[in-house]
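The next block holds one structure in the form of structure tokens; read it before the comments.
Just so it is clear, none of the values below were taken in a lab; they were calculated from the coordinates. Since this is a predicted model, take the numbers as computed values, not measurements. Here the Cβ positions follow ideal geometry from the backbone for every residue, glycine too, while neighbour counts run over all protein chains shown.
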Amino acid sequence: MSLSDLPGPVPDPAVMRGTTTALAEPVERVRPLWITGVVLVNLGINAVFFGPLQVLLGQQAAHFDEGQKEAILALVTGCGAAVSMVANPLFGAFSDRTTSRFGRRVPWVLMGAILGAVALVALAGAPNVAVMTLLWCLVQAGANAMYSAITAAVPDRVPVPQRGTVGGLAAMGQTVGILVGAVIAAVVAGNFAAGYWVCAAALLAGVVVYLFKSDDQPLLSGDRPAFNLAKFLKGFWVSPKRYPDFAWAWLTRLLVSTGNHMVTLYLLFFLSDAVHLEETEGIKPEFGVLILTGLYAVTVIITSVLGGRLSDRMGKRKPLVIASSVIIAVASLILAFAPTWIGGLAGAMVLGIGFGAYLAVDFALITQVLPTAMDRGRDLGIINIANSLPQVVAPLIAFPFVAYWGGYVSLYVAAAVIGLLGAVFVVKIKSVD
């Protein structure tokens, strides 16, 4: 009789031998210092993503050509987004196969941090737009190598009853990282070169705790299948028929993320053109965006931690994912039917409450529907495409609503409907309560 003849899921051979390997299902709760390392890596990555995206890249684009700054910024960020969608699952798959004595994930966190930091420092002195574009793509490659590895470290090391808590704290780190990126951009006050240096330092500093406290289990050579290029490439297609829960989880993440991007995409124009913020409240729309973003971030931080912990205590994921998706939809409807400053404040707060809880609990749910322990990094990278793709899809969906199909009311109603579809499809997941 072979292992495949046994009833139920195929057990890990290492567990049957009484040993612990990278492929064993984790049962020991992770300690606060390990969680701190994961949170800091997420913080550093998101500071490096959003400091440049929010301010530094735009300033550098204007430095090269004030009249073409919008086109330059679109080119640079578009190429970076394309690299991100490919790099995340690719580096995740590479880390799955890594047999370093330091573990599967640590080498990629370290190499990604070094690549990202070097590219950021070089970006500070980029001589032209072509070099700027290339270096930003390298930053994206390095940061996504880190992100794919640190994300996969959670199902590698964290037992299921603790994953909501850890997922919530990781989401908190991501949100704080966005705020740190904004602070860096504000502090350098127009000196984008200095901003890139500070971002590089933040990226390297963020990995120190994890590198020394990762407890990353090495992958035994005997547990790694022989490399076959055709099979390796084919592995990036995860069959919805064979793994339906994984497919539904991917689709729900895509829908909810798309709805969220549609809500935030035209926020500046919504405040100026629909709310008429400067005329009604005497507040510049740019400052209004900052206020709403800060309120949103604070509520995301609070509810990501609380929502993740609550789901662990309940032992259930789907009810909280559905509830948080509904709350996100309610936020969209508030903006649609209360286009006022008070409505904007309420909408931002409700959106943060819903999205914070969603990030934590949905991540925990996703880790429970991954097809195999061997391919956690690759499969989570595929899931992360559902986070990146809305950056491309949301503007294409949102523009005709704003321009031709009823303006901001129809835009935010459409965002609510898309988010609610995500809530509906969560019910299709059968292997997780």
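Multiplying the sequence separation of ILE291 and ARG29 by 0.36 nm and subtracting their Cα-Cα distance, what value in nm do you get?
Gain on stretching ILE291 to ARG29: 90.5 nm.
If you take every residue apart from ASP215 with its C-beta less than 15 Å away from the C-beta of ASP215, what net charge results, scoring Lys and Arg +1 and Asp and Glu -1?
+4
Given R₀ = 56 Å, what would the calculated FRET efficiency be for ARG313 paired with PHE269, taking r from the Cβ atoms and rounding to 0.05?
0.85
Working from the alpha-carbon coordinates of region 31-176, get Rg over Rh, Rh being the Kirkwood radius.
Here the Rg-to-Rh quotient is 1.03.
In nm², what is the average projected area of the convex hull enclosing the Cα atoms of the chain?
Orientation-averaged projected area of the Cα hull: 21.3 nm².
For the chain, return all DSSP H helices satisfying: extent of Cα atoms along own axis at least 27 Å; mean Kyte-Doolittle hydropathy at least 1.0.
Those that clear 27 Å and a mean of 1.0 are 32-51, 69-96, 129-157, 163-187, 285-314, 318-337, 341-367, 407-426.
For region 244-426, what size does the Cα cloud have along each of its three principal axes, sorted from largest down, in whole Å?
Answer, in whole Å and largest first: 57, 34, 24 Å.
Note down the net charge around GLY343, summing +1 for each Lys or Arg and -1 for each Asp or Glu among other residues with Cβ under 15 Å from its Cβ.
-2
Assuming a strict under-26 Å limit between Cα atoms, what lysine pair count do you get for the chain once near-sequence pairs (fewer than 8 apart, same chain) are dropped?
Taking the Cα cut-off of 26 Å, the pair count is 12.
Could you tell me how far the Cα centroid of region 49-85 sits from the Cα centroid of region 330-383, in Å?
Rounded to whole Å, the Cα centres lie 26 Å apart.
Starting from the Cα of GLU70, step 7 Å along the direction of its Cβ; do the same at GLN368; then give the gap between the two resulting points in nm.
Result for the modelled spin labels: 4.7 nm.
So what is the relative contact order for region 214-305, in percent, with contacts set as C-alpha pairs under 8 Å and at least six apart?
It rounds to 13 percent for region 214-305.
When only Cα pairs under 8 Å and 6 or more residues apart are kept, what is the percent relative contact order across the chain?
About 25 percent, as a whole number.
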